[in-house]
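To start, the structure under review is shown below, and the notes come after it.
The values are calculated or read from the model by the stated rules, or taken from the named source; none is laboratory data. Everything quoted here is computed from the prediction, not taken from an experiment. Virtual Cβ from ideal backbone geometry, glycine too; neighbours counted across all protein chains shown. Note: accessible area is taken over every heavy atom of the protein model, side chains too, but ligands, DNA and RNA are not part of it. Shrake-Rupley method; radii C 1.70, N 1.55, O 1.52, S 1.80 Å.
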Amino acid sequence: MLQRLSGRASYESIEDMKNEHDPEPTPDETAGMVWWNSLTESDRAAWLARAGSAVPADAWAAYKRLGNVERQPRTVN
């Protein structure tokens with residue numbers, strides 16, 4: 001038999017529960033999710049390695065730090 005825990009809110013739907021605990025992502029978080037979803041598995045692995053982490057948000061931070069630098073043309077003197 002399931003008992004309701006005291007002090008917990010009752011929700012009419014899953015959406016009510018989701019909205020309370022899951023705030024909307026920031027524009028930066030949304031951009032990071034779009035970026036991550038656009039990557040191939042090997043690109044994901046490479047960015048995680050650059051970040052030294054298994055967390056996609058860390059890979060996004062590494063991309064923001066290093067991404068533009070890596071795309072700039074290299075000149076040889």
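Exactly one of (1) open to solvent by 50 Å² or more (accessible area, probe 1.4 Å); (2) in contact with a Lys or Arg (Cβ under 6 Å, 6 or more places away or on another chain) is unmet by ALA62. Its number?
All conditions are met except number (1).
For the stretch 24-47, what are the residues that are of a type outside the set (S, T, N, Q) and under 10 Å from the mean Cα position of the chain (by Cα)?
PRO25, ASP28, GLU29, ALA31, GLY32, MET33, VAL34, TRP35, TRP36
Give me the pairs, please: first residue somewhere in the stretch 46-57 and over 17 Å from GLU29 (Cα atoms) and free of Cβ contacts under 8 Å to residues at least 40 places away in the same chain, second residue anywhere and of a type outside the set (D, E, K, R) and surrounded by fewer than 14 Cβ atoms within 10 Å (Cβ to Cβ), beta-carbon distance under 7 Å, and either six or more positions apart or on two chains.
Close Cβ pairs (under 7 Å, with a partner that is of a type outside the set (D, E, K, R) and surrounded by fewer than 14 Cβ atoms within 10 Å (Cβ to Cβ)) amount to ARG50/LEU66.
Which pairs do you get when a residue that is hydroxyl-bearing (Ser, Thr, Tyr), found in the stretch 31-44, comes within reach of a residue that is surrounded by 13 or more Cβ atoms within 10 Å (Cβ to Cβ), reach meaning Cβ atoms under 6 angstrom, with the pair 6+ apart or on two chains?
Partner pairs satisfying both residue conditions: none exist.
In the stretch 25-45, which residue that is in contact with a helix residue (DSSP H, G or I) (Cβ under 9 Å, 6 or more places away or on another chain) and part of a helix (DSSP H, G or I) is least open to solvent (accessible area, probe 1.4 Å)?
Out of the qualifying residues, it is GLY32.
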